[in-house]
Structure formats: structure tokens, C-alpha cells
1. In the stretch 173-228, how many residues are in contact with a Lys or Arg (Cβ under 6 Å, 6 or more places away or on another chain) and either of a type in the set (K, R) or without any contact (Cβ under 8 Å) to a residue 40 or more places away in the chain (or both)?
2. Is it true that V171 is over 25 Å from A220 (Cα atoms), buried (at least 18 other Cβ atoms within 10 Å of the Cβ) and over 13 Å from the mean Cα position of the chain (by Cα)?
3. Looking at the stretch 148-168, which of its residues are in contact (Cβ under 8 Å) with a residue 12 or more places away in the chain, aliphatic (A, V, I, L, M) and under 20 Å from G201 (Cβ atoms)?
4. Give the number of residues within the stretch 176-213 that are within 14 Å of G132 (Cα to Cα) and assigned to a loop (DSSP other than H, G, I, E, B).
5. Considering each residue of the stretch 199-253, count those that are among the small types (G, A, S) and either under 23 Å from S100 (Cα atoms) or surrounded by 24 or more Cβ atoms within 10 Å (Cβ to Cβ) (or both), and give that number.
Amino acid sequence: MTPGVTPIVAGNWKMNGTAASLDEIGDVCAGLDAEDTLPHETLLCVPATLVERAAAVAAESALSIGGEDCHAKESGAHTGDISAEMLADAGASFIIVGHSERRTDHGETDAVVAAKAEAVWRAGLTAIICVGETREEREAGKAEEVVGAQLAGSVPAAMTATNAVIAYEPVWAIGTGLVPSNDDIGAMHTFIRKTMSSRFGAEGEAVRILYGGSVKPGNAAEIFAIANVDGGLIGGASLKAADFLAICDGINA
């Protein structure tokens with residue numbers, strides 16, 4: 001954890017969830033509200049079809065709701081796309097950009113990710129900017145080179161510790177059950193911190209850096225205890241309130 005910053009535990013539901021899933025969000029809210037104090041921010045990023053209803057369920061609770069992606073433009077002839085302004089209007093306060101599944105499945109480049117981050121800021125929201133290497137890149141000794149290039153190309157010059165969060169997700173660990181060693185996680189988060197500090201000064205020192213990739217209730221506490229790990233971006237384990245709340249408890253351990 002980075003001294004002086006408020007950690008964040010964020011869930012990413014991906015292409016999962018219907019109206020029936022709103023009960024899980026209600027259970028997360030109830031679990032958070034049962035705590036006397038919360039040492040972290042808590043966020044669930046849900047499919048666009050659920051943002052407005054999820055925000056209504058989470059209203060007056062300690063849970064924030066976010067979107068999973070947005071278009072770079074505010075409006076226009078982009079059938080099927082959703083703008084950051086639309087998500088803000090629906091009740092989102094964060095938007096994920098540059099997730100590896102968007103980069104891989106939709107061919108999103110660093111420049112596209114940067115444009116989306118700027119769109120998030122244009123809408124007055126916080127961008128969660130994702131970076132991470134593949135297994136082949138790590139085994140070739142190129143993990144820092146790849147992540148450094150992604151940071152350079154995906155994080156716009158207007159980044160602050162308030163308008164952005166960086167999420168490091170080794171692509172090979174997402175949804176696979178594989179987790180890098182604590183030393184590897186710590187080394188990459190330290191590299192990201194140094195890279196951000198070198199470019200952005202005090203803002204880079206304070207920006208939150210999340211770890212994502214097969215985080216579970218059983219390993220959350222030890223991962224969150226690693227230097228420069230300021231919380232997590234949680235995939236499948238965020239779909240069930242009990243699992244997500246147990247991961248949140250890892251901040252307290």
C-alpha cells in the first residue's frame with residue numbers, strides 16, 4: 001500500500017449481469033454499510049445496461065458504480081457505442097479504459113485508450129487506465145518495456161491523482177487462476193510508480209495503482225500488503241457479494 005492514499009477495491013463484471021444481479025449489488029451495499037469505518041473506496045463497474053439501475057441501488061451507500069468502457073466521442077454516428085457523458089448521466093463515476101480484453105478483442109491501441117481517458121475526464125469522471133503484459137512478453141523479459149510503453153501511450157498529459165487510477169493486470173493472470181509472485185507484483189508496481197513519478201511528479205507519487213489478475217478472498221490480503229499496491233481490479237470474484245466483500249476485508253488485514 002502507498003502511504004497517504006485511499007485504496008480502492010473495484011469490481012469489473014465484464015459481460016455478465018442482468019436485472020437479477022442487482023440483488024448482489026444490494027448485498028454489497030449492505031455489507032459496506034455495516035462497517036463502522038471503511039479504509040477504502042469501493043466500486044463496481046457493470047455492463048452499460050445495468051449502470052442506471054445499479055446506481056439507484058447503490059444510492060446513499062458507500063458503493064460507487066462505474067462503466068466498463070466508453071467511446072472517445074461525446075456523441076455522433078457511432079451505432080452501438082456509448083459515450084462517457086451517457087454513462088455519467090446514468091450514474092457512473094468511474095470508467096475503465098484500455099482493459100486487455102478491449103485491446104485484444106477490439107484492437108484498441110494506446111492512442112485509442114488515451115483518447116478514451118480524455119473522454120472520461122471530459123465527462124467529469126475518473127478513468128481507470130489498464131496496462132499489462134502477456135505471458136510471452138514476460139517470459140521474453142519484456143514486461144517492463146511493454147508496460148512502460150503502454151503507460152507512455154495510454155496516459156494523457158493531463159493525468160492527476162484525482163482523475164485517474166492505473167490498473168496493472170498481467171494478461172496471463174486474468175481469469176486463469178495464475179498469479180505472479182509477490183516479488184513480481186511488487187517489482188512491477190514499483191516500476192509503474194517510478195515511471196509515473198518521473199513523468200508527473202507529485203501526482204504520479206499519489207496516483208493509485210491497482211493490481212488485477214485472479215485476486216480472490218484467499219490471496220487479497222497478502223497482495224494488498226505489497227508496496228505500491230493500492231487495491232485491486234477484481235474480475236469474476238466481484239460477481240458474488242460474499243466474495244467481493246471478503247476481498248474488501250483484505251484491505252483491513
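1. The number of residues fulfilling the criteria is 0.
2. Judged against the criteria, V171 is not a match.
3. Those that are in contact (Cβ under 8 Å) with a residue 12 or more places away in the chain, aliphatic (A, V, I, L, M) and under 20 Å from G201 (Cβ atoms): L151, A152, V155, A158, M159, A161, A164, V165, I166.
4. Selection size over the stretch 176-213: 4.
5. Residues meeting the conditions: 11.
Bear in mind these aren't lab numbers, they're just calculated from the coordinates by the rules spelled out. The structure displayed is predicted, hence computed values, not measured ones. Neighbour counts are summed over all protein chains in view; Cβ atoms, including those assigned to glycine, are modelled from backbone coordinates with ideal geometry.
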